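The values are calculated or read from the model by the stated rules, or taken from the named source; none is laboratory data. Since the structure is predicted, the reported quantities are computational estimates derived from the model, not experimental observations. Cβ atoms come from the backbone with ideal geometry, glycine included; neighbour counts cover every protein chain shown. Each accessible area value is taken on the protein alone, full model and side chains, heavy atoms only, with ligands, DNA and RNA left out. Shrake-Rupley method; radii C 1.70, N 1.55, O 1.52, S 1.80 Å.
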Amino acid sequence: MSTHNVWTHKGTFLLAAVGSAVGLGNLWRFPYLTGENGGGAFILVYALTIFAVGIPILIAETMLGRNSRRSPIMGMRFLTRTHNTSRAWESIGWLGAASAFLILSFYSVIAGWAIHYTWQMLIGSLAGADAETIGAGFDALLASPALLTLYHTLFIIASGLIVGMGIHKGIESGLRIIMPALFIILLVVLAYGVANGDFTAAASFLFTFNLADLSLEGWLAAMGQSFFTLSLGMGAIMAYGAYMSSEISLTRTALAIAIVDTAVAMVAGLAIFSLVFGAGLDAGQGPGLMFVTLPLAFAEMPFGALVGGVFFILVLGAAISSSISLIEPVAAFLVERYDLTRPQAVFAMVVASWALGLLTVVSFNVYAEGTIFHTLFGRSAFDFIELLTNIFMPLGGLLIALFAGWALTHSEVMKEMRTNETWFAIWRFLVRFVAPAAVAFVFLRAIPQVEGYLIPAIGALVIVGAFAAGRTFLVDDSQQR
């Protein structure tokens, strides 16, 4: 093991994990999905899935990181050796690293849009603009490879500099500034939305309980959101867990992460939709909600340019706190495996991910269609890379649940969790059976070809296969204890 870093303060892992979890998805995707899928009914399914799937896997992934005290790839190599399991389980580490690398490549491009809008807001160029002007401005941004590349470059450099400075001086110090600032800005924007928007309509939109509006697709969306929002299966939680003090409760920390992450999404939803409804605009814009509808709402409100600029600073901060967690798993592996210095490892990761990100840049303009990706997969390079991550992350999460649930012994888990037998039994049941089943369906939902009646049939096959693999870890009671 090439590093003996441990977070300086006990609460830093919580801060780091929340920083990883709180990102662009919290600020527009969660509220948008909630409004489209039955409001309170969606939130109920989301909360149940967070408890039954998200928290058990979050505990499991953190446990694997803390148990190995290594990067995800080297950590899984260590754990497969010490537990005499197949080296195929090292794929957990590789899937996480691949997901982090791929996500960073396009996340940096999209987060870069916030740089553009922060500047546009603060100089007042959008003040009083109409829908056509703002829509045309967004289209012009997407049509410019040079601008997208510039913002992509600036964002990924900023993220790389923080990680390159090290665990304590870089990530830890950065998060101590970024995260409190994010929470303060979010509350300021909420207060502004309450004062100048339609808070009642926003609350009704998000929290009206209408089970009839929640389709099977809505259930799957709620399950998928609960998994993706906690940054599971992309190596970040395992990497951060390696620096976590052995004295900290895994269960309490996992609960705190889930609660804070969900609270941020709720507050963001109330703030954003208060502004949107207050301006009489359409809430169902998906990605365009943040970069078209919201700027239009700010353009029509008092002090909108200033508050809009502050809001997009919030977006940038949330994006950076997530992006640094994407760099860490791969950078830590390069340090451990190839004995690189941290700056060298971060530089290698960032340059490679930046180069891959250029495919996303040109997917919006020069090569929007007619490429080899369209020919082979019927989608742009950006859509194809996103599809890969939507497969790798749930697959990694499923394998994490199975490995932690079946390979780790009773005594190991009790030592890490420091809990009672009742919660241990509940966690083990959830992580062995419930979580893999749920994640299998999320995994299948990510594959466009799997639709309709094929979902239950193929889902059953995947689950049976997963349990069969899990049973290879069964040993007699004396070994378990």
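Quick check: the angle from helix 342-363's long axis to the longest principal axis of the chain, C-alpha only, nearest 10 degrees?
Here the helix axis deviates by roughly 50 degrees.
Taking only the Cα atoms of the stretch 251-367, how large is their convex hull per residue, in Å³?
Looking at the stretch 251-367, the number lands at 162 Å³ per residue.
Round to the nearest 10 and report in Å² the accessible area of GLU300, as given by a 1.4 Å probe over the protein chains' heavy atoms.
GLU300 exposes around 110 Å² with every protein chain in place.
With Cα extents along the principal axes in Å defined as stated, name the option among (1) 71, 70, 55; (2) 69, 59, 40; (3) 73, 53, 49 computed from the structure displayed.
(3)
State which stretch of the chain is the longest one without any exposed chymotrypsin sites (Phe, Trp or Tyr not before Pro), exposure meaning a DSSP loop state and at most 15 other Cβ atoms within 10 Å.
So the longest stretch without any such site is 1-302.
Suppose the Debye formula is applied to equal point scatterers at every Cα of the stretch 68-166; what is log10 I(q)/I(0) at q = 0.18 Å⁻¹?
Rounded to two decimals, the profile gives -0.89.
For the full complex of protein chains and a 1.4 angstrom probe, list HIS9, HIS116 by accessible area with the highest value first.
Ranked from most to least accessible, the order is HIS9, HIS116.
With +1 assigned to the C-beta of every Lys and Arg and -1 to the C-beta of every Asp and Glu, and no other charges, what is the dipole magnitude of the chain about the Cα centre in debye, to the nearest 20?
Here the size comes out at about 1620 debye.
Sort the stretch 356-452 into rounded, prolate or oblate with this rule: let a ≥ b ≥ c be the square roots of the eigenvalues of the Cα gyration tensor; rounded if a/c is under 1.5, and if a/c is not under 1.5, prolate when a/b is larger than b/c, oblate otherwise.
Prolate is the answer for the stretch 356-452, as a/c is 1.5 or above and a/b outweighs b/c.
Going by the alpha-carbon gyration tensor, a ≥ b ≥ c the square roots of its eigenvalues, is the stretch 222-301 rounded (a/c under 1.5) or, if a/c is not under 1.5, prolate (a/b greater than b/c) versus oblate?
Here the stretch 222-301 falls in the prolate category.
Rounded to a whole number of µm²/s, how large is the Stokes-Einstein D of the stretch 121-215 at 37 °C and 0.692 mPa s, given Rh as the Kirkwood radius over C-alpha pairs?
184
Taking θ = phi - 60°, what integer Hz values does the Karplus form 6.51 cos²θ - 1.76 cosθ + 1.60 yield along the stretch 195-208, in sequence order, with x for Gly and Pro?
Running phi through 6.51 cos²θ - 1.76 cosθ + 1.60 with θ = phi - 60° gives 6, 10, x, 10, 5, 4, 5, 5, 5, 5, 4, 7, 10, 5 Hz.
Where does helix 216-228 land angle-wise versus the long Cα axis of the chain, in degrees 0 to 90, nearest 10?
Between the helix axis and the principal axis of the chain, the angle is about 70 degrees.
Pop a pseudo-label 7 angstrom from the Cα along the beta-carbon direction at both GLU247 and TRP119 and give the gap in nm to one decimal.
4.7
Could you state the per residue volume, in Å³, of the convex hull enclosing the Cα atoms of the stretch 1-159?
With only Cα atoms used, the stretch 1-159 gives 192 Å³ per residue.
Run the 1.4 Å probe and let me know the accessible area of HIS83, rounded to the nearest 10 Å².
40
Which angle from 0 to 90°, rounded to the nearest 10, does the C-alpha axis of helix 381-402 make with the longest principal axis of the chain?
The angle comes out at about 30 degrees.
How far apart, in nm, are the 7 Å Cα→Cβ label points at LEU44 and THR82?
Here the answer is 4.4 nm between the modelled labels.
Quick one: pull the percent of accessible area on the stretch 60-212 belonging to carbon and sulfur, 1.4 Å probe, ligands and nucleic acids left out.
Exposed carbon and sulfur together represent 69 percent of the surface.
Just to check I understand the Karplus step: with θ = phi - 60° and J = 6.51 cos²θ - 1.76 cosθ + 1.60, what whole-Hz values come out for the stretch 91-108, glycine and proline as x?
Values, residue by residue: 4, 4, x, 5, 4, x, 5, 5, 4, 4, 4, 5, 4, 4, 4, 9, 4, 5 Hz.
Between PHE227, MET290, TYR107, whose Cα lies farthest towards the positive end of the dipole of the chain when Lys and Arg beta carbons carry +1 and Asp and Glu beta carbons carry -1, centred on the Cα centre?
Toward the positive end, the furthest listed residue is PHE227.
Tell me the per residue accessible area of the chain using a 1.4 Å probe; a whole number in Å² is fine.
Spelled out: the 1.4 Å probe surface of the chain, per residue, equals 39 Å².
Kindly provide the helix-only [θ] at 222 nm of the chain, computed as the sum of -39,500 (n - 2.57) over DSSP H runs of four or more divided by all residues, to the nearest 500 deg cm²/dmol?
-23000 deg cm²/dmol
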